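So the structure is just underneath, and the comments pick up after that.
The values are calculated or read from the model by the stated rules, or taken from the named source; none is laboratory data. Only a predicted model underlies this, so the values are computations on that prediction, with no experimental measurement involved. Just the protein is used for accessible areas: all its heavy atoms, side chains included, with ligands, DNA and RNA removed. Shrake-Rupley method; radii C 1.70, N 1.55, O 1.52, S 1.80 Å.
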Amino acid sequence: MLLKVPLLLGLIALGPPVCSAKFVDESKNTPLFAIGVEFAVFQFNQAQEDEHAYKLLWVGRSQRKLFSWNYLMDLNMGRTVCKKHDEDIDNCPLQEGPGMKEVNCTFIVDARPWISQFTLLDSTCLQT
């Protein structure tokens, strides 16, 4: 029992910093972050009732949660002339005129690369 008390005290002392939910800056060029961005854009397009696809224009914030594979990203996307089920959306021109739309979104994506699984944990978007 006496050996368990120091261990418990150590866990209490180390627990909050180690288990904190702090996000730190992550390079936009990190392969897993880039895949997470593609996943977030795909999920956004699938959830939209709009038949037109949106494509990535730029990445603002790029962060990763400490001690996890959770990525926080701010993405700016524009509405294209292509349908969302077309093949090459990245090379599709943006809509102009009255059909032109842009959205700013914040996504949190959980990556589990060892089983090739990505999960969208949270998303918030505003049309600009």
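Here the accessible area is traced with a 1.4 Å probe on the protein chains. For region 53-106, carbon and sulfur cover 52 percent of it. Taking all protein chains together and rolling a 1.4 Å probe, Arg61 ends up with roughly 90 Å² accessible.
Order Thr106, Thr128, Thr80 by their accessible area, 1.4 angstrom probe, all chains in place, largest first.
From most exposed to least exposed: Thr128, Thr106, Thr80.
Per residue, the solvent-accessible area of region 25-102 (1.4 Å probe, heavy atoms of protein chains only, all protein chains present) comes to 58 Å². Surface calculation, 1.4 Å probe, protein heavy atoms: Phe42 sits at approximately 110 Å² accessible. How fast does region 61-128 diffuse by Stokes-Einstein, in µm²/s, taking the Kirkwood radius from C-alpha pairs at 10 °C and 1.306 mPa s? Once the numbers are plugged in, D ends up at 114 µm²/s. Subtracting the Cα-Cα distance of Glu102 and Glu51 from their residue separation scaled by 0.36 nm leaves 16.9 nm. Using C-alpha pairs below 8 Å separated by at least 6 residues, the relative contact order for region 17-75 is 42 percent. Estimated at the nearest 10 Å², the accessible area of Met100 is 120 Å² with a 1.4 Å probe. For Glu87, Glu26, Glu102, the ranking by accessible surface with the largest value first comes to Glu87, Glu102, Glu26, using a 1.4 Å probe.
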